[in-house]
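K.L.:
Please read through the structure below; I'll follow up with questions.
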Amino acid sequence: MSVQHPYLLVVGALIATAVAVGYWWLQRQRAQALATAGLATTNRDRLRRHLPPVLFLAALTLLLLSVARPQADLPVARAAGTVILAFDVSNSMAAKDVAPSRLAAAQAAAVEFAEAQPDSVSIGVVAFDEGALTTQQPSDDRAATVAAIKRLQINGGTSIGQAILAALTVIAGKPAALPQDGQPAADLGYWGNATIVLLSDGEDTGGPDAVAAAQLAATAGVHIETVGVGTVDGATVEVDGFQVATSLDEELLTEVATTTTGSYHRAENAEALHDVYDSLDLRLTTKVKPVELTGAAALTAVLLLTIGGVLMTTWFGRIL
């Protein structure tokens with residue numbers, strides 16, 4: 001523990017010591033007077049006589065300590081780490097079963113989510129269709145994150161596996177790829193404070209294997225929260241002049257999330273999307289930081305003064 005004003009601590013210690021010595025001297029004089037008069041005191045009388053003043057002295061010491069602004073280095077829980085928002089920008093995300101469209105609704109909710117996060121959370125943005133592109137590196141610059149989210153545009157098919165690998169590459173700072181020809185997967189390290197939030201309608205139209213990519217994420221300590229954007233009944237979208245039916249496929253999104261001990265969330269409308277973001281399980285970490293103890297010391301002193309006052313009033317009918 002340390003204090004912000006050490007000289008006040010010295011002054012406080014001198015005052016408290018002076019008061020304690022003064023009280024001891026008065027009680028010594030009183031004891032001598034009683035002994036001269038041939039009067040004896042019981043242990044109970046001594047307890048009643050000394051306990052309230054001792055409480056008052058302790059309270060005074062704490063109040064003087066609080067003036068010096070004490071602080072201690074304590075572990076404080078906080079939301080921290082890295083969050084990658086991975087957006088499906090495939091043609092099916094243009095469907096309007098979630099107004100004004102699946103992608104637009106996901107963008108609007110993501111903007112509010114990003115703006116609500118503390119600076120201790122770095123947010124990155126990945127857009128994916130058949131491939132995946134990092135449009136914003138993890139950062140605490142919320143304006144840049146919001147701009148990256150708003151720039152997203154519809155294009156192409158869907159590769160959820162590629163989205164996960166791209167997000168892992170950003171998190172680990174090294175290429176993430178699935179093992180080939182029996183070779184082990186690359187060691188990405190352990191990233192227990194990282195979360196991928198994958199927003200998609202779940203219609204996976206290309207490789208690599210999404211579940212295998214999720215297993216790679218799990219090995220790296222990254223958990224994935226999947227958000228199903230759309231409705232089970234679905235809608236139609238126009239692709240190259242053709243009407244294509246599209247609906248929410250929850251099975252793959254659920255499997256991807258549970259593989260990494262994450263959760264699947266259904267968002268069939270804009271309101272549900274906002275609720276999803278409020279319930280996302282972001283990682284909590286602890287960071288040792290100086291915490292001021294002035295309030296705690298003062299509150300304890302007031303409590304001791306109150307107890308001492310009650311005892312004196314109860315035992316002696318007044319505060320001596």
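The values are calculated or read from the model by the stated rules, or taken from the named source; none is laboratory data. All values derive from a computational prediction rather than experimental measurement. All Cβ positions, glycine included, derive from the backbone under ideal geometry; neighbour counts span all protein chains shown.
K.L.:
From the set of residues in region 115-135 that are farther than 23 Å from P100 by Cβ and modelled with pLDDT of 90 or more, which is surrounded by the fewest Cβ atoms within 10 Å (Cβ to Cβ)? Reasoning before the result, please.
P.N.:
Our first condition is that a residue be farther than 23 Å from P100 by Cβ; within region 115-135, this holds for 117-124, 130-134.
After this cut, where a residue has to be modelled with pLDDT of 90 or more as well, the list is 123-124.
Numbers: I123: 26, G124: 22.
Only one residue fits best here, namely G124.
K.L.:
Can you run down the residue pairs with Cβ atoms below 9 Å, 6 or more apart or on separate chains, where the first is in region 187-199 and in a strand (DSSP E or B) and the partner is crowded, with 20+ Cβ neighbours inside 10 Å and basic (K, R)?
P.N.:
L199/R102
K.L.:
Which of the residues belonging to region 211-264 are under 26 Å from H274 (Cβ atoms) and among the small types (G, A, S)?
P.N.:
A214, A217, G228, G230, G234, A235, S247, A257, G262, S263
K.L.:
Further, regarding this structure: Within region 224-260, can you find the residues that are out of contact with any strand residue (DSSP E or B) (no Cβ under 6 Å at 6 or more places or on another chain) and either at pLDDT 90 or above or small (G, A, S) (or both)?
P.N.:
Result: G230, A235, G241, S247, E251, L252, E255, T258, T259.
K.L.:
Only one of R102, R28, R69 is under 30 Å from A217 (Cβ atoms), modelled with pLDDT of 75 or more and charged (D, E, K, R). Can you tell me which? Even if it seems obvious, please write down each step before you answer.
P.N.:
Working: R28 fails: under 30 Å from A217 (Cβ atoms); R69 fails: under 30 Å from A217 (Cβ atoms).
None of the others qualify; the one that does is R102.
K.L.:
Further question: What is the residue count in region 240-265 for residues that are crowded, with 19+ Cβ neighbours inside 10 Å and either of a type in the set (A, V, I, L, M, F, W, C) or in contact with a helix residue (DSSP H, G or I) (Cβ under 7 Å, 6 or more places away or on another chain) (or both)?
P.N.:
Matching residues across region 240-265 total 10.
K.L.:
Among the residues of region 140-162, are any surrounded by fewer than 18 Cβ atoms within 10 Å (Cβ to Cβ), touching a residue at least 40 places away in the same chain (Cβ under 8 Å), of a type in the set (S, T, N, Q) and within 24 Å of D209 (Cβ to Cβ)? Spell out how you get there, then give the answer.
P.N.:
Narrowing region 140-162 to residues surrounded by fewer than 18 Cβ atoms within 10 Å (Cβ to Cβ): 140-144, 147, 150-151, 153, 155-157.
Imposing the further condition that a residue be touching a residue at least 40 places away in the same chain (Cβ under 8 Å) reduces the set to 150, 153, 155-157.
Among the residues that remain, those that are also of a type in the set (S, T, N, Q) are: 153, 155.
When the remaining residues are screened for being within 24 Å of D209 (Cβ to Cβ), the result is 155.
Within region 140-162 (the criterion being surrounded by fewer than 18 Cβ atoms within 10 Å (Cβ to Cβ), touching a residue at least 40 places away in the same chain (Cβ under 8 Å), of a type in the set (S, T, N, Q) and within 24 Å of D209 (Cβ to Cβ)), the answer is yes, since at least one residue qualifies.
K.L.:
Please state which one of G228, G161 is more than 16 Å from T260 (Cα to Cα) and in contact with an Asp or Glu (Cβ under 7 Å, 6 or more places away or on another chain). Working first, answer last.
P.N.:
Values: G161 fails: more than 16 Å from T260 (Cα to Cα).
Answer to the selection: G228.
K.L.:
How about region 11-34: which of its residues are surrounded by 12 or more Cβ atoms within 10 Å (Cβ to Cβ) and under 18 Å from L62 (Cβ atoms)?
P.N.:
Across region 11-34, the qualifying residues are V11, G12, A13, I15, A16, V19, A20, Y23.
K.L.:
Still on this structure, I have one more. Looking at this structure, is T258 free of Cβ contacts under 8 Å to residues at least 12 places away in the same chain and of a type in the set (V, I, T)? Lay out the reasoning, then the answer.
P.N.:
Details: free of Cβ contacts under 8 Å to residues at least 12 places away in the same chain: yes; of a type in the set (V, I, T): yes.
Yes; evaluated as a whole, the condition is true for this residue.
K.L.:
Of the numbered conditions (1) at pLDDT 85 or above; (2) surrounded by fewer than 22 Cβ atoms within 10 Å (Cβ to Cβ); (3) closer than 23 Å to N155 by Cα; (4) among the β-branched types (V, I, T), T219 satisfies every one except a single condition; which is it?
P.N.:
T219 satisfies every listed condition except (3).
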